[in-house]
Ligand code: SAH
Ligand code: MG
């Protein structure tokens, strides 16, 4: 696809499918004014997350990399009324900002922001929840750690559960043909007989996989 077509397609997707409420529409502006980086998913990706969560049992979701809570709000909206999202964030200033936004979005009662590095926090959650306990995961923390996250997350996935990852084609800092760290992760999931996986080229690439 020529670059102009690519750009048009991404903008078209935002215009047509990126419909969002006023709170979400203003969230990342407030976040960047507070000094957080402008690296949340776009609204069309947010809607994709909500749809995917709602296609699972929607009881337990997990996110790695909260930032300002933007994607967490979309995920929370796809849960069952008594479902819960746990989202892990390394930077305490991000976690604090996200908690206020989750409150304002009316989903604070179903979302817990856990502070820490994902690889430090995951073993404790695994011990608490047990195997085959998670319906939906959104991976969006350190790109070079995606393969390590997968090792921790695989036993946690409920059969039929969805494991989704952002930035599987790249980030502003580099694309997969430039050595971006998600190539190994993509190939690992694509070749794992316990998952079915595909990536959709929305924004910076979103991988969708289903635990058999
Ligand atoms: N999912 C968010 C964007 C996340 S950006 C959205 O789309 O709205 C990535 C976030 O991961 C940043 O807030 C960063 O501080 C956080 N992070 C960095 N290292 C981490 C780690 N080891 N574990 C968990 N979060 C981490
Ligand atoms: Mg991302």
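The values are calculated or read from the model by the stated rules, or taken from the named source; none is laboratory data. All of these numbers come straight from a predicted model, not from anything done at the bench. Here the Cβ is made from the backbone with ideal geometry for all residues, glycine too, and neighbour counts use every protein chain on show.
Could you go through region 165-176 and let me know if any residue there is surrounded by 21 or more Cβ atoms within 10 Å (Cβ to Cβ), on the phi < 0 side of the Ramachandran plot, within 12 Å of ligand 1 (Cβ to nearest atom) and not in a loop (DSSP other than H, G, I, E, B).
So far as region 165-176 goes, yes, one or more of its residues are surrounded by 21 or more Cβ atoms within 10 Å (Cβ to Cβ), on the phi < 0 side of the Ramachandran plot, within 12 Å of ligand 1 (Cβ to nearest atom) and not in a loop (DSSP other than H, G, I, E, B).
May I ask you to say which residue of 83, 35 is within 17 Å of residue 162 (Cα to Cα) and over 16 Å from the mean Cα position of the chain (by Cα)?
83
Quick check on residue 124: is it closer than 27 Å to residue 155 by Cα, surrounded by fewer than 17 Cβ atoms within 10 Å (Cβ to Cβ) and free of Cβ contacts under 8 Å to residues at least 12 places away in the same chain?
yes
Condition first: in contact with a strand residue (DSSP E or B) (Cβ under 7 Å, 6 or more places away or on another chain) and without any contact (Cβ under 8 Å) to a residue 40 or more places away in the chain. Now tell me which residues in region 84-110 satisfy that.
Answer for region 84-110, where residues must be in contact with a strand residue (DSSP E or B) (Cβ under 7 Å, 6 or more places away or on another chain) and without any contact (Cβ under 8 Å) to a residue 40 or more places away in the chain: 84, 85, 86, 87, 89, 92, 95, 98, 99, 102, 110.
Just need a number here: residues in region 177-187 that are at pLDDT below 90 and buried (at least 17 other Cβ atoms within 10 Å of the Cβ).
2
Regarding residue 73, is this residue at pLDDT 95 or above, within 17 Å of the chain's Cα centre (by Cα) and crowded, with 22+ Cβ neighbours inside 10 Å?
Yes.
Run residue 60 past the list (1) in contact (Cβ under 8 Å) with a residue 40 or more places away in the chain; (2) within 13 Å of ligand 1 (Cβ to nearest atom); (3) crowded, with 16+ Cβ neighbours inside 10 Å and report the number of the one that doesn't hold.
(2)
Residue check, residue 144 against (1) buried (at least 21 other Cβ atoms within 10 Å of the Cβ); (2) assigned to a helix (DSSP H, G or I); (3) within 14 Å of ligand 2 (Cβ to nearest atom), all met but one. Which one?
Checking residue 144 against (1) buried (at least 21 other Cβ atoms within 10 Å of the Cβ); (2) assigned to a helix (DSSP H, G or I); (3) within 14 Å of ligand 2 (Cβ to nearest atom), the one that fails is (1).
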